[in-house]
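The values are calculated or read from the model by the stated rules, or taken from the named source; none is laboratory data. Computed from a predicted model, the values in this text were never measured in an experiment. Please note: Cβ atoms are built from the backbone with ideal geometry, for glycine as well, and neighbour counts cover all protein chains shown.
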Amino acid sequence: MSELKFHILYYVIIEVFLLIIFYAVSKWLDPKNSRKSIGQKSTSWLKGFLERVFLTFLLLTGFQGSALILFGAIKLGTRLDSDKEAKVNNDYFIVGNFISIAAAVLAFLLFKPFIKINL
């Protein structure tokens with residue numbers, strides 16, 4: 001059980017590291033992002049956190065293909081109404097998604113040997 005605590009701590013460290021990475025990426029690709037309120041930024045982080053937890057859960061339960069298809073469909077659906085001319089937003093969106101997926105896969109690799117889920 002104590003090893004699980006360390007794995008949860010690693011997951012928290014990953015999330016803190018992601019906050020720093022996303023902050024740097026937003027300054028680089030979306031300078032207008034600095035005008036967003038703390039509430040808007042925390043809502044974006046919370047949505048990303050929930051996506052990563054859900055994606056990690058699907059990976060842990062053995063639904064790797066379904067997880068990535070579902071994740072892609074959700075992300076595509078949220079972008080359908082976006083401004084087609086906003087190249088910076090699209091670049092930020094793509095880079096952010098790759099970072100988020102990489103973090104979910106890293107969390108999956110951390111938890112996989114520890115959590116056995118048989119469905």
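Brief remarks on what is shown
- Filtered residues of the stretch 94-119 (kept if under 20 Å from Glu3 (Cα atoms) and modelled with pLDDT under 65): Ile117
- Pairs linking a residue in the stretch 90-119 that is more than 19 Å from Leu9 (Cα to Cα) to a residue that is assigned to a loop (DSSP other than H, G, I, E, B) and at pLDDT 80 or above, with Cβ atoms under 7 Å and 6 or more positions apart or on different chains, are Ile117/Thr61; Leu119/Thr61; Leu119/Gly62.
- Extreme residue, modelled with the highest pLDDT, among residues of the stretch 68-93 that are small (Gly, Ala, Ser) and assigned to a loop (DSSP other than H, G, I, E, B): Ser82
- Among residues of the stretch 12-28 that are in a helix (DSSP H, G or I), those with a Cβ under 7 angstrom from a residue that is among the aromatic types (Phe, Trp, Tyr), sequence gap 6+ or separate chain, pair up as Glu15/Phe49; Leu19/Trp45; Val25/Tyr92; Ser26/Tyr92.
- Cβ-Cβ contacts under 7 Å between residues 6 or more apart (or on different chains), taken from a first residue in the stretch 46-73 that is loosely packed, with under 15 Cβ neighbours inside 10 Å to a second residue that is assigned to a loop (DSSP other than H, G, I, E, B) and basic (Lys, Arg), are absent.
- Filter result (at pLDDT below 75 and surrounded by fewer than 11 Cβ atoms within 10 Å (Cβ to Cβ)) within the stretch 7-31: Pro31
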